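Below is one structure, written out as structure tokens, with a few remarks after it.
The values are calculated or read from the model by the stated rules, or taken from the named source; none is laboratory data. All values derive from a computational prediction rather than experimental measurement. In this analysis, Cβ positions are derived from the backbone assuming ideal geometry, glycine residues included, and neighbour counts consider all displayed protein chains.
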Amino acid sequence: MIRLENVSMKFNLGIERNFSFKQAFIDFFAGKKKKKKEEFWALKDISFSVKKGEVIGLIGSNGAGKSTLLKVVSGVMKPTKGTVSVHGAISPMIELGAGFDSELTARENIYLNGSILGYSKEFIDEKFDDIVEFSELKDFLDAPVRNFSSGMVAKLAFSIATIVNPEILIVDEILSVGDIKFQEKSKNKMLEMIKGGTTVLYVSHSLESIQELCDRVVWIEHGQIVKIGETKELCQEYYKKQMGRELKSKK
């Protein structure tokens, strides 16, 4: 279903000031330094595969490269090296609400975001009430999204994105959005999709949800795979490693 072979992703971090007369004056008298250009490899030789219907959890510290990996699999980013093969329609839930227009109402954004996800107007018309009911935003349909809290935006985006059961679901920390009640609804919706045979790549810092949902785990640090293995065993190992780091930092 998904196959990554030696995938690497490089970013160029150019540290360079914008031009100004003040800066030109400083450069003239101080002697202009060469522009500093740094290469940052967010991913390095990542290789693994995901079978149809499998749920894979991605764990690792902040900045490990998990979200970058999801964007590469989703096709949002093209890897610098390596190949990504995906067989099936993808529904990426990486940055919920990224496709919204803040000046438009919730009602209008349902149609806008739905069209971005490839839904026809007829399909959205048919599913409109279901989207609104799941989002719990019936009283705010004609309010501009700019007035919404981040939790409300996430609720609306999640409700639109999950109105169909995709073949492949790419999920980045979305089960922590909204209030506790909505988090439980989101988790149950994901479980429903998983039972329906949806293939899932799931990033979360919640080891509890990883252990509850995932068949296997890929542990990533500094853009590289540390280990791939059985969920419970690897989560326990990762937890001990993280706690060890925390204890050292407090000494």
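Only one residue in SER135, SER159, SER120, SER149 is within 19 Å of MET93 (Cα to Cα), exposed (fewer than 14 other Cβ atoms within 10 Å of the Cβ), polar (S, T, N, Q) and not assigned by TED's automatic domain parsing to the domain that holds ILE59. Which one?
One residue alone meets the criteria, SER149.
Got a number for residues in the range 49-95 being in contact with a Lys or Arg (Cβ under 9 Å, 6 or more places away or on another chain), of a type in the set (A, V, I, L, M) and within 23 Å of HIS205 (Cα to Cα)?
8
Tell me which residues, restricted to the range 21-56, are at pLDDT below 85, surrounded by 10 or more Cβ atoms within 10 Å (Cβ to Cβ) and assigned to a loop (DSSP other than H, G, I, E, B).
Residue satisfying the conditions is LYS32 alone.
Residue under question is ILE228, and the condition is that it be out of contact with any His (no Cβ under 7 Å at 6 or more places or on another chain), of a type outside the set (Asp, Glu) and outside any helix (DSSP H, G or I); does it hold?
yes
Show the residue pairs that are 6+ apart or on different chains and have beta-carbon atoms under 8 Å apart, the first residue being within the range 200-215 and farther than 22 Å from ILE2 by Cα and at pLDDT below 90, the second being acidic (Asp, Glu) and surrounded by 15 or more Cβ atoms within 10 Å (Cβ to Cβ).
Qualifying pairs under 8 Å: HIS205/GLU173.
Of everything in the range 187-236, what is aromatic (Phe, Trp, Tyr) and either assigned by TED's automatic domain parsing to the domain that holds PHE158 or closer than 28 Å to ILE160 by Cα (or both)? Give them in sequence order.
Across the range 187-236, the qualifying residue is only TYR202.
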